[in-house]
Ligand code: NAD
Ligand code: UDP
Ligand code: UDP
């Protein structure tokens with residue numbers, strides 16, 4: 001499906017981050033001109049260094065909590081720290097980027113009359129009481145806990161997207177992303193896949209929070225980006241919200257064992273306290289993505305982990 005975005009000028013906010021940098025790369029491959037906007041809070045210039053020589057790529061330092069006046073044909077709004085460690089380090093900034101960032105990007109899309117896709121999250125379901133999680137589940141979120149800056153910020157952003165859709169007839173796409181991993185995650189990102197791989201490669205203890213029986217479903221980055229592109233390319237009546245993630249579920253202990261096996265590591269497992277409000281289970285119901293976007297993940301855990309291990313191995317040895 002090469003050329004889906006041929007000749008279109010696309011804005012990617014958070015474009016120097018983990019997912020954003022892969023998205024910029026894929027959009028260029030699809031024939032788009034890409035404007036990457038990032039304030040480098042958790043993103044790195046290294047993630048996009050290989051794109052800077054491309055005349056169709058432009059990087060701009062900007063904080064999306066402030067208005068942005070540019071001319072584009074479509075917007076992917078990915079700016080927001082995603083790791084609990086980072087989004088909780090400055091919780092007010094997290095709510096600001098989620099809410100003010102969404103308002104500014106929606107205002108921009110409204111002026112330009114262009115489509116806008118929101119990187120929402122499975123965290124809108126909180127610590128879910130329904131399993132797996134379908135899009136019609138309203139969630140179970142603590143509004144005043146340490147995760148609320150992110151969960152409620154992203155929920156409010158979804159509200160804004162649907163109000164701009166109803167009130168201003170904006171072409172919106174809301175994508176609920178479930179735990180995604182792969183090359184270009186920051187080694188100190190703090191999320192489970194990067195932590196375990198870095199620890200295993202260094203033969204250091206693997207830090208299991210709680211009893212390790214909590215579950216997540218891990219999607220490889222290439223699959224996720226294909227889902228984002230399909231959603232943006234879908235017809236105007238497809239607004240979402242739509243779950244994009246891998247429905248194969250693992251406990252955190254199983255993930256640790258897989259990483260140790262694939263790295264061939266001597267690391268031991270150690271227990272650390274479970275963070276407050278840590279969701280006990282998470283698995284996307286992707287019926288809608290399968291039906292509406294004809295999308296499903298193609299890369300399973302071992303294959304994706306091996307690619308990610310290779311990335312971190314090279315990073316740590318340079
Ligand atoms: P990331 O932290 O690597 O990327 C976020 C990017 O946004 C970084 O480059 C950061 O510098 C930038 N940013 C933060 N605040 C900004 C601001 N005020 N102005 C401009 N740029 C800003 O995280 P990621 O995993 O790439 O996540 C990207 C998006 O996807 C986020 O919106 C996140 O909530 C969403 N998401 C990711 C996952 C996942 O598993 N990776 C899951 C659910 C949702
Ligand atoms: N905005 C922006 N770029 C634009 C247009 C708007 O950053 O090209 C911002 C603008 O500063 C405003 C927000 O988007 O704060 C919402 O815009 P909207 O037109 O929806 O609302 P209003 O300007 O009426 O408050
Ligand atoms: N986790 C862990 N050890 C780590 C990092 C995370 O056991 O070093 C656990 C964490 O408590 C959670 C799961 O792994 O249950 C996923 O955490 P992550 O921060 O990657 O993302 P979340 O899905 O919680 O947003």
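The values are calculated or read from the model by the stated rules, or taken from the named source; none is laboratory data. Values in this document were obtained by computation on a predicted structure and should not be read as measured data. Using ideal geometry, Cβ is built from the backbone for each residue, glycine included, and neighbour counts are taken over all protein chains shown.
Among the residues that make up segment 249-267, is at least one of them within 18 Å of the chain's Cα centre (by Cα) and assigned to a loop (DSSP other than H, G, I, E, B)? No, segment 249-267 contains no residue that is within 18 Å of the chain's Cα centre (by Cα) and assigned to a loop (DSSP other than H, G, I, E, B).
Looking only at residues in segment 282-306 that are in contact (Cβ under 8 Å) with a residue 60 or more places away in the chain, more than 18 Å from the chain's Cα centre (by Cα) and farther than 16 Å from residue 177 by Cβ, the one that is surrounded by the fewest Cβ atoms within 10 Å (Cβ to Cβ) is 294.
Residue by residue through segment 59-75, note down the ones that are crowded, with 16+ Cβ neighbours inside 10 Å and either away from ligand 2 (no atom under 16 Å from the Cβ) or more than 14 Å from residue 12 (Cα to Cα) (or both). Scanning segment 59-75 gives 59, 65. Taking only segment 268-297 into account, find how many residues are part of a loop (DSSP other than H, G, I, E, B) and either in contact with a helix residue (DSSP H, G or I) (Cβ under 6 Å, 6 or more places away or on another chain) or within 16 Å of ligand 3 (Cβ to nearest atom) (or both). Total meeting the criteria: 16.
Among the residues of segment 161-192, those that are away from ligand 1 (no atom under 14 Å from the Cβ) and on the phi < 0 side of the Ramachandran plot comprise 162, 163, 164, 165, 166, 167, 168, 170, 171, 172. When 143, 128, 134 are screened for being farther than 20 Å from residue 232 by Cβ and either buried (at least 21 other Cβ atoms within 10 Å of the Cβ) or within 15 Å of ligand 3 (Cβ to nearest atom) (or both), only 128 passes. Might you check whether a residue that is in contact with a strand residue (DSSP E or B) (Cβ under 6 Å, 6 or more places away or on another chain), more than 13 Å from ligand 3 (Cβ to nearest atom) and modelled with pLDDT of 95 or more occurs anywhere in segment 84-98? No, every residue in segment 84-98 fails to be in contact with a strand residue (DSSP E or B) (Cβ under 6 Å, 6 or more places away or on another chain), more than 13 Å from ligand 3 (Cβ to nearest atom) and modelled with pLDDT of 95 or more. Does at least one position in segment 131-146 carry a residue that is at pLDDT 95 or above and at positive phi? Checked against the condition, which is being at pLDDT 95 or above and at positive phi, segment 131-146 yields at least one hit.
Highlighted here are the strands (runs of 3 or more DSSP E) found entirely within segment 154-243 that include at least 3 residues which are within 12 Å of ligand 3 (Cβ to nearest atom) and touching a strand residue (DSSP E or B) at 6+ places or on another chain (Cβ under 9 Å): 206-209, 215-217. The condition of being under 22 Å from residue 15 (Cβ atoms) and either within 16 Å of ligand 2 (Cβ to nearest atom) or surrounded by fewer than 15 Cβ atoms within 10 Å (Cβ to Cβ) (or both) holds for only one of 93, 119, 79, that being 79.
Filtered by the rule that a residue be more than 18 Å from the chain's Cα centre (by Cα) and in contact (Cβ under 8 Å) with a residue 60 or more places away in the chain, segment 62-78 gives 71, 72, 73, 74. The set of residues from segment 255-281 being without any contact (Cβ under 8 Å) to a residue 24 or more places away in the chain and exposed (fewer than 14 other Cβ atoms within 10 Å of the Cβ) comprises 261, 264.
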